[in-house]
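The values are calculated or read from the model by the stated rules, or taken from the named source; none is laboratory data. Computed from a predicted model, the values in this text were never measured in an experiment. As a convention, Cβ positions derive from the backbone with ideal geometry for all residues, glycine included, and neighbour counts pool all protein chains shown.
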Amino acid sequence: MTSSVPEIAQPAGRETILVRGVKKYFGPTRALDGASFSARAGEIHAIVGGNGCGKSTMAKVVSGILPVDSGTVSILGETPSTPAESRALGISTVYQEVLVADESSVVDNIFMGSDRLFTKTLSQERKVVRAAELMEELSGEPVDPHALVGTLPLGLKQWITIARALLSEPKILILDESSAALDFDSTERLFQRMRALRDRGTTILIVTHRIAELVRISDRATVFRDGRDVGVLEKADITEKNLLRLMTGEDRSSGHSHAEAPRPRSAELAMRASRLAVWPGGKTFDFDLRRGEVVGISGLDGQGQDAFVRVLAGVMPAAQGLVEVAGRDGTWSPVRTLPEAVAGRIAYVSGDRKREGIFASLSIFENMVMPLYREKKRGGILGFIDRGTLATLFRREAENLLIKFGVKEDRITSLSGGNQQKVLIGRGFAMRPDVIILNDPARGIDVGAKTELYRHLRTFAEEGKAVIYLSSEIEEFLGFATRVVVFRDGAPFDAFDGRGLEPKRVLEAMFGQTGGEGLASAVHGLRPGVEGAGDAAHDALLPSAGAGSGPRIRVSVPDRLKPRPVSVTPPAPVLPLAADPSDPVPPRSRSTIARPIRIVEFGENGTRIEGGRP
Ligand SMILES: Nc1ncnc2c1ncn2[C@@H]1O[C@H](COP(=O)(O)OP(=O)(O)OP(=O)(O)O)[C@@H](O)[C@H]1O
């Protein structure tokens, strides 16, 4: 990868990681309960399993940062017991949480913690050059090495953590959910890099919930369940079906793809937006949300879909226009702020739990029932709720979403990442809303919980309530969304009926390659405003796109066609439940370059088939 580091010479096939009968308890929680696992030089080895089954704990044990209670751990013949020892052995880890110092520069973040190794001899100028090279190689776009990391979008922050791990050309590279903040194209680049390292003898451990990705990249996979290894699959046997069977211990398929999406029984509206523009100067449009439907929202990164759902949820003000929610008595009330949204029984669930989700210092229980407490204090509509009722609500949501926890009074940060996300989803439902707005909520949650979530939301819609569901994975909409609205350039560009939804058509719309006919159909409840959202169809060859802070989209764009991003700072959102209010909002990137596209098709069960289109 770099001339400044030595080549690795690991004989392929040699066992580099050997873990036997390891136990690791956190109080009453058995994170690892007699787990064994081994990996070889020159292989990409996946650790797979449901939320809370012990994957991250195993990754930390192998990294040498977590001592075990019992069992044996041998990494390259040694047992590192401090991060420094493990680094000296050649182990690099990219952790699940994106760990960067926002107030430091890109170069300082990349070289953080590595001064005692080979980089000691590098001058600051060389480090700056190296950081710039690495970031351009990895992220596919030039990144100012002096830029403050806090001003960068999540995807670039994730690349910084990966660049840091790759600096020393590790013998063992551990990637714990490291592609979670990367879009499809970036994930592909990461995979190429992983394959090159693997071919030079590195052992790569990956932990991921993206099953289709791990089927593609892994040479072997060890499946965990309840803190124990329950099977090892060789490359030829790594299929979605086999993985699920081992993960759940049952024979069942992943999906909801054969299920029917909810259909509204009447034309009664739950919400409406008129003359709405989500960005200053953006195109205006009208939008109706009916009772009884699930509306899927999608788009390429930074096309306004993220702003749209936040505006609907009262989390961010609209640049123009009015959003209203229908009361149970049929009256309409404006939604301009979060309190107005809460009063209108709108709940918001964010997939970005670090920035606008969890309260790290509070318990699991408090995190779930927090909005109800607040209402109680103000004597609002939920003011009658007492602690006993809260406990019942908590239990119900925890059961519904299969949340795995020890004691509900434990801090939320003691939960696995996926279980933290489930608490946020549970919080949304616990508010007993009439409209629930979910912003890419399924990041990091396992397939069992996803299925439960879809089932829950489908029932919710069938009860006459309404769902807005933004997702970066089109597969999520199959058999689930009543209709799907695709955003481009800050406004709806096209819309599709959920029945017979073709993921390929949705992808084409994201790239401006469809005619926008869906906008003309009254079924989709979309009407162009004065400037005309319908104009979007004519602007198809002048799309704007960029690597903003929005969700990841599984679409591949050739590097040479990538736009050069220009930062535009969006208005600061009102964060409803910000863990860290000082956390800056990543800039949105936009550009105006037409791009031919490469489509990734979806086969059975949502597995990807790479296809081509000039
Ligand atoms: N520091 C900690 N304190 C208390 N409990 C913990 C701690 N770390 C992990 N646990 C618990 O150990 C169990 C395993 O957690 P781990 O993070 O390893 O799961 P995981 O398989 O990586 O899950 P996910 O897919 O959700 O990331 C969980 O029940 C979790 O709540």
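For segment 326-339, a residue qualifies if it is more than 16 Å from Val309 (Cβ to Cβ) and not hydroxyl-bearing (Ser, Thr, Tyr), and the qualifying residues are Ala326, Gly327, Arg328, Asp329, Gly330, Trp332, Pro334, Pro339.
Residues in segment 456-476 that are in a helix (DSSP H, G or I), within 16 Å of Gly498 (Cβ to Cβ) and modelled with pLDDT under 90: 3 in all. Summed over segment 250-275, the residues that are modelled with pLDDT of 75 or more and either assigned by TED's automatic domain parsing to the domain that holds Val325 or over 24 Å from the mean Cα position of the chain (by Cα) (or both) give a count of 15.
Checked against the criterion of being over 25 Å from Met247 (Cα atoms) and modelled with pLDDT under 80, the candidates Arg432, Arg345, Arg387, Arg411 yield just one match: Arg387. On the given criteria, is Ala307 assigned to a helix (DSSP H, G or I) and either of a type in the set (Lys, Arg) or at pLDDT below 95 (or both)? Answer is yes for this residue.
For the residues Thr16, Thr72, the requirement of being more than 16 Å from the ligand (Cβ to nearest atom), farther than 30 Å from Gly155 by Cα and surrounded by 15 or more Cβ atoms within 10 Å (Cβ to Cβ) singles out Thr16.
Tell me whether segment 202-213 contains one or more residues that are part of a helix (DSSP H, G or I) and surrounded by fewer than 22 Cβ atoms within 10 Å (Cβ to Cβ). The answer is yes; a qualifying residue exists. When segment 162-183 is limited to residues that are among the polar types (S, T, N, Q) and within 16 Å of the ligand (Cβ to nearest atom), the one that is surrounded by the most Cβ atoms within 10 Å (Cβ to Cβ) turns out to be Ser178. When each of Ala221, Ala165, Ala131 is tested for being in contact with a strand residue (DSSP E or B) (Cβ under 9 Å, 6 or more places away or on another chain), within 20 Å of Val94 (Cα to Cα) and in a strand (DSSP E or B), the lone residue that passes is Ala221. Pairing residues of segment 416-439 that are in the same structural domain as Ala307 (by TED's automatic domain parsing) with residues that are basic (Lys, Arg) and crowded, with 24+ Cβ neighbours inside 10 Å, at Cβ distances under 9 Å and at least 6 apart in sequence or on separate chains, gives Ile437/Arg310; Asn439/Arg310. Annotation note: of Ile403, Ile425, the sole residue that is crowded, with 21+ Cβ neighbours inside 10 Å and not in a helix (DSSP H, G or I) is Ile403.
Screening Glu234 with (1) of a type outside the set (Val, Ile, Thr); (2) within 16 Å of the ligand (Cβ to nearest atom); (3) farther than 21 Å from Ile162 by Cα gives one miss only, at (2). If I ask for residues that are assigned to a strand (DSSP E or B), of a type in the set (A, V, I, L, M) and more than 12 Å from the ligand (Cβ to nearest atom), which ones from segment 36-62 would you list? Result: Ala39, Ile44, Ala46. If we keep just the residues of segment 208-224 that are within 12 Å of the ligand (Cβ to nearest atom) and modelled with pLDDT under 90, which is nearest to Met58 (Cα to Cα)? So, considering only residues that are within 12 Å of the ligand (Cβ to nearest atom) and modelled with pLDDT under 90, the one nearest to Met58 (Cα to Cα) is Thr208.
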